[in-house]
Structures are given as C-alpha cells and as structure tokens.
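These notes are about the structure you will find just below.
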Amino acid sequence: MKRKALLSLAALLIIGAVFIAGCKNSDQTMVSSILERPDKYTDKTVLVGGEVTRTYSVNLLIAEAGAYQIDDGSGKIWVITNNGVPREGTKVGLKGRVGSGVKVGREIFGAVIREEERRTK
C-alpha cells in the first residue's frame, strides 16, 4: 500500500512540474505581438526569447552598454542593455520593459525592450 501511495505521489509531482513548466512558457510574449500593438505593451514588463541576430556595444568606464536584436521566429526587436551584449547566434531569454523607439504626437514608431534580466539558453 505504501509503495502505491509513493508512486501516486511521484506521478502527481511529475505532472505538476510539467504543468508549471508549461505555464512559464505561456507567459512569454511573442515579438510580433509587441510590434503589432506597441501601445499595448509600452511601459509594461514582458518575457521574450529568441536568437541574437545583430549586436552593437559601447565600452564605458563603468559598464558595457549596447543593444542587440533578437528574433523569436515571429519578428525581430532591439534590446537595450547595460550588462554587455551577447554574441550573435546566442539563444537568450529575457525580462524587460517595453519602450517606444520614436514617439510623434500619439503615434509610436518602433519599439525596444530595456533589459532587466537575461538568461542564455
């Protein structure tokens, strides 16, 4: 009886872990969604992921600042960072705040993400 209870508990834990992992992925925002409706995401924190396709960096005395572009398969967006830029071809996941590229009147042209946290996949 104890063995059956332990097996049931183990199965529930595995199912729970899979469910939680699925929920985390569903929290990720597609780049295309941000680009199609930047007004909806401006000043909001998002989770995105993709492959680094282009980079620009500037070495300052205090930190390495720069920008890198990621492609998640649905679109490309620039990410501004103060933590150094990853190499092109690197797969990253990040959390950041969406900002506008250029705002003219009430229109927003372009969108960028200001990096808060980054993980290499």
The range 42-96, dipole about Cα centre (Lys/Arg Cβ +1, Asp/Glu Cβ -1), debye to the nearest 20: 60 debye
Can you give me the three principal axis dimensions of the range 34-84 from its C-alpha atoms, in Å, biggest first? 37, 23, 14
In nm, to one decimal, how far is the modelled label at residue 36 from the one at residue 59, with both set 7 Å along Cα→Cβ? 4.3 nm
Compute the signed sum of charges (Lys and Arg +1, Asp and Glu -1) over the other residues within less than 10 Å, Cβ to Cβ, of residue 31. -2
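Read-outs: derived from the displayed coordinates by stated rules, not from any lab. On a predicted model such as this, the values are computed, not experimentally measured, just so you know. Note that each Cβ is placed from the backbone with ideal geometry, even for glycine, and that neighbours are counted across all protein chains shown.
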